[in-house]
1. Arrange A:TRP54, A:TRP73, B:TRP50 by Cβ neighbour counts within 10 Å, fewest through most, would you?
2. How far is helix B:19-72 tilted, in degrees, relative to the longest principal axis of the Cα atoms in chain B, given as a value from 0 to 90 rounded to the nearest 10?
3. What does the net charge come to around B:SER27 if you take all other residues with beta carbon closer than 13 Å to its beta carbon, with K and R at +1 and D and E at -1?
4. Once the other residues with Cβ under 12 Å from the Cβ of A:LEU168 are scored (Lys, Arg +1; Asp, Glu -1), what is the net sum?
5. From zero outward in steps of 5 Å, how is the percent of C-alpha pairs of chain B spread across the bins?
6. If neighbour count is taken as other Cβ atoms inside 10 Å, put A:SER119, B:SER43, A:SER88, A:SER40 in order from fewest to most.
7. What is the average number of partner chain Cβ atoms found within 10 Å of a Cβ in A:170-178?
8. How do A:GLU162, A:GLU51 rank when sorted from fewest to most other Cβ atoms within 10 Å of their own Cβ?
Amino acid sequence: MDRETELCLVERLRDGDTAAFDAVYDELNARLFTFLLRLSRRRDVAEDLLEETWLRLVRHAARLRPDTRIAPWLFTVARHLYVSYVRSRVLEDSASAGLMTLWPFNISHSSPFEAAAASELERRIERALASMPASSREVLLLVAVGGLDQADAADVCGISLEALRQRLSRARALLARMLDEDVRSTTHVLGEVVP
Amino acid sequence: MTDRLSQLVGHLPHAEPRRARADRIRSRCHEVLERRHRQAAASRPVRRIWEPVVAGLGGLYLLAAIVLALEMYGVL
């Protein structure tokens, strides 16, 4: 969505235009839901938070500033709602079993072998993401999945750009280490099974 | 390595909420927008009348205060 279109949509949203809402919803709903799902690791929670995020947008629509940037606005609200949820429920950070309910997704690959390989890698990344600390996970998700630039992601998290860069760098390094360990443990298990 | 990892994370498939839930979210949001739009449209004529009245009364009050002050200082 280019900036001109976004400004036009904000103006129409301020007037309560449902078609403008649909355009924003269609553009951002999947990204927002993916962010919330990977952050919360629970589909029911992610759906509740998603609904509340969109409701906040429409309830606040008339008071949106004309130069509002919609994606960072929505991700900020979504993140705040998730933080409130965690605070209220004291969510355990280690429960990752629900993650596998994310599967299957519709992905088209050129061959069954490539599909299996890609799917295995994606599963490993999902597992690693799920076991990362929430602060590392959220910066990775905002930039890589949410498509926000680093400055916007820093605003969403309420930290400086430099702090975000450091957090992102640590998150990437942690993800690489986790994937590496995952591969090594798989190789170890295979070594025990295969003579 | 780390940049490639970011790309891989970015290329993970997007998830979608269940269809029924997505439709419910959309319709609830439409309801809110339409209600606000109706309320805004209904309050527009009232605001068109009241805003000049309030501004006029404010102006009269200010004028009276100025006249009173000038009388107190003997200018008028």
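Read the figures in this text as sums done on the coordinates, not as results from a lab. As the structure is a computational prediction, the values presented were derived from the model and not from experiment. Because the Cβ atoms are built from the backbone with ideal geometry, glycine has one as well, and the counts that use them run over all protein chains shown.
1. If I rank by nearby Cβ atoms, fewest first, I get B:TRP50, A:TRP73, A:TRP54.
2. That helix lies at roughly 20 degrees to the long axis.
3. In short, +1.
4. +1
5. With a bin width of 5 Å, the distribution comes to 3, 11, 7, 7, 7, 7, 7, 7, 7, 6, 6, 6, 5, 5, 4, 3, 1, 0.
6. The order, fewest Cβ neighbours first, is A:SER88, B:SER43, A:SER119, A:SER40.
7. Per-residue shielding by partner chains comes out at 3.
8. A:GLU162, A:GLU51
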